[in-house]
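Scroll down for the structure; my scribbles are underneath it.
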Amino acid sequence: PRRGNYRGRSRSRSPLPDPNATVVVRNLTKNVLEDHVSEIFGAYGEITRVTIPRAKKTNHRLDFAYVDYRYAKSAQKAIEHMHGGQIDGNVLAVVLRPSPQARPPPSAQLPGGGRG
């Protein structure tokens with residue numbers, strides 16, 4: 001049997017999400033819903049999820065959304081086309097979501113473990 005063609009994964013399983021495929025869309029109005037964001041940003045590639053977070057204490061929607069694309073190339077396209085664009089009269093800031101690994105842990109920021 002041929003061993004060189006075996007990929008070790010079933011084709012039906014979806015690939016792991018690309019950490020460079022999530023954009024943050026800032027400065028949304030309260031009128032903009034997940035469906036609106038999905039419709040507008042879907043023009044740049046396949047979206048796997050749109051999330052508009054809510055404030056913990058008040059449960060009010062926040063003024064930004066996370067848009068998860070299947071591919072990082074789609075996220076880059078969305079940033080190029082939508083950063084500085086407008087939705088519902090507000091100018092958007094569209095940036096790549098920083099990866100959790102990019103931020104140092106709090107204990108690494110100050111000498112002595114961050115507690116002075």
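The values are calculated or read from the model by the stated rules, or taken from the named source; none is laboratory data. Remember, predicted model here, so these are calculated numbers, not experimental data. FYI the Cβ positions are ideal-geometry reconstructions off the backbone, even for glycines, and counts take in every protein chain you see. Accessible surface is based on the protein model in full, side chains and every heavy atom, while ligands, DNA and RNA are left aside. Shrake-Rupley method; radii C 1.70, N 1.55, O 1.52, S 1.80 Å.
Check region 59-69 and report whether any residue there is modelled with pLDDT under 95, loosely packed, with under 11 Cβ neighbours inside 10 Å and over 19 Å from Asn90 (Cβ atoms).
Yes: one or more hits.
Filter region 71-88 down to the residues that are among the polar types (S, T, N, Q) and free of Cβ contacts under 8 Å to residues at least 40 places away in the same chain, then identify the one that is farthest from Val37 (Cα to Cα).
Gln76
Residues in region 1-31 that are modelled with pLDDT of 95 or more, in a loop (DSSP other than H, G, I, E, B) and open to solvent by less than 50 Å² (accessible area, probe 1.4 Å): how many?
Total meeting the criteria: 2.
In this structure, is Ala93 modelled with pLDDT of 95 or more, surrounded by 11 or more Cβ atoms within 10 Å (Cβ to Cβ) and among the hydrophobic types (A, V, I, L, M, F, W, C)?
In short, yes.
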